[in-house]
Amino acid sequence: YYIRNMLSDIKDDRQEAIYFLVGHGQHFGMLEPATASVIPFMLEVLRQTDYPERGLVLRAFKEMGRRMFLPTYSIDRMRLAIGIYDELRNGFRVYQSLLNDKCDRVRQMAIGLMRYMQDDVSETLAILFQQLKIETISGLRAEIIMSMIGLIQETNNTYRSVGKQYIPQIHEYLKTSNIVDEQHMFANQLNAISYSGDKDVVEYINDILG
């Protein structure tokens, strides 16, 4: 019933269906045993480029991503999170296409969700970096930088060494483009990495902040 109602012509029915499937309020995006089984259906509606609630679905996926990487000592929760992650990862190309959506909110949610695509670090960072160059809205450029830094910071050492190659590229792009607000935000984001032991990024922070 609720899966079918995601395609209702009535907005309230569509949103009720989505909230029933992914949770509401403080339960929004919760990782539940049934979550992995509903994601394929939600991906199908996201593939409809004119689907009115695509921003809400992406926001739910983004929240799932955030919750997946919260610390846990439960092996059952780890298994649950991995199963949900694998289903979400199947939508990688859908999220990539929505980075160019006409709706700012949809682009914002897609950017935030891409941060959690840890199995595709190199490709995800390359996609986000190209998006940084074409995004015209300052707030969304900031979201892209935060997603890139978050992805670099949170992945394991092998992927982090790959990801860190983008730090000088972002730095150079922002500097040559004279994008001042994002430069300072970038420096603040880099602080998180430098505090976690990657001291070689300090030179970029110092160069930005003078």
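Every read-out reported here was derived from the displayed coordinates using simple, explicitly stated rules and does not represent laboratory data. Being a predicted model, the structure only gives us computed values, none of them experimental. No Cβ is skipped: glycine too gets one built from the backbone with ideal geometry, and neighbour counts run over all protein chains shown.
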Exercise. Out of region 8-42, which chymotrypsin sites (Phe, Trp or Tyr not before Pro) are coil in DSSP terms and have no more than 12 other C-beta atoms within 10 Å?
Worked result: none
Problem set entry | Lys, Arg +1 and Asp, Glu -1 on Cβ, resulting dipole of the chain about Cα centre, debye, nearest 20 | 100
Exercise. What whole-number value in cubic angstrom gives the convex hull volume per residue for the C-alpha atoms of the chain?
Worked result: 123
For this session: Report, in degrees rounded to the nearest 10, the 0 to 90 angle that the Cα long axis of helix 104-114 makes with the longest principal axis of the chain.
Result: 80
For this session: Between the alpha-carbon centers of region 64-89 and region 124-176, tell me the distance in whole angstrom.
Result: 24
Exercise. Using the alpha-carbon atoms, what tilt in degrees (0 to 90, nearest 10) does helix 11-22 show relative to the longest principal axis of the chain?
Worked result: 70
For this session: Would you kindly work out the equivalent ellipsoid of region 1-124 from its C-alpha gyration tensor and give its semi-axes, the square roots of five times the eigenvalues, largest first in whole Å?
Result: 22, 18, 12
Exercise. Does anyone have the angle between helix 35-46 and the longest principal axis of the chain? Alpha-carbon axes, 0 to 90°, nearest 10?
Worked result: 80
Problem set entry | Among the listed pairs 62/102; 62/175; 133/175; 102/164, those beyond 24 Å (Cα-Cα) | 62/175; 102/164
For this session: Please work out the Cα convex hull volume for region 59-103 and give it in Å³ per residue.
Result: 61
Exercise. Taking the chain as a Gaussian network, Cα atoms linked when under 10 Å apart, which of 181, 104, 76 shows the biggest mean-square fluctuation?
Worked result: 76
For this session: Return the single residue from 152, 111, 82 with maximal mean-square fluctuation; model: Gaussian network over the chain, springs between Cα atoms under 10 Å.
Result: 82
For this session: Pull out a ≥ b ≥ c, the square roots of the eigenvalues of the alpha-carbon gyration tensor of region 29-70, then state rounded if a/c is under 1.5, prolate if not and a/b is larger than b/c, and oblate in the remaining case.
Result: oblate
